Amino acid sequence: IGGNCVLIDTDAHNMNYIIRRGQNTDWGISSPIVIEDDVFIGVNCIILKGVTIGARSIIAAGSVVTKSIPADCIAGGNPAKVIRLL
């Protein structure tokens with residue numbers, strides 16, 4: 001992960017990166033994101049809070065993962081859905 005990147009686990013955040021640097025992030029409701037072993041996540045994916053991506057799964061580029069994805073599958077789209085079992 002490059003410099004000055006932000007991973008946010010709350011519902012709201014400022015879009016301006018300069019403001020985000022000094023922002024107090026004690027607000028919002030967070031929930032863990034779990035990425036299990038041997039997962040491949042394509043470029044430009046958005047993974048929302050509370051999601052688990054099961055072991056050995058593949059998430060297609062540009063997907064928006066709003067719900068948990070089971071192990072051993074390919075998922076993609078907006079919202080991401082299981083496309084194929086592996």
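Taken together, the values in this text are just the output of simple stated rules run on the coordinates, not laboratory data. In this text the structure is predicted, and so the values were computed from the model without any measurement.
What is the Cα radius of gyration of the stretch 31-85 over 2.2 N^0.38 Å, N being its residue count? Walk me through the intermediate numbers first.
Numbers: Rg = 9.5 Å, N = 55, 2.2 N^0.38 = 10.1 Å.
Taking the Cα Rg and dividing by 2.2 N^0.38 Å, one obtains 0.94.
What does the extension gain come out to for residue 55 and residue 74, with contour length at 0.36 nm per residue minus their alpha carbon separation?
Details: separation 19, 0.36 × 19 = 6.84 nm, distance 1.11 nm.
In short, 5.7 nm is gained.
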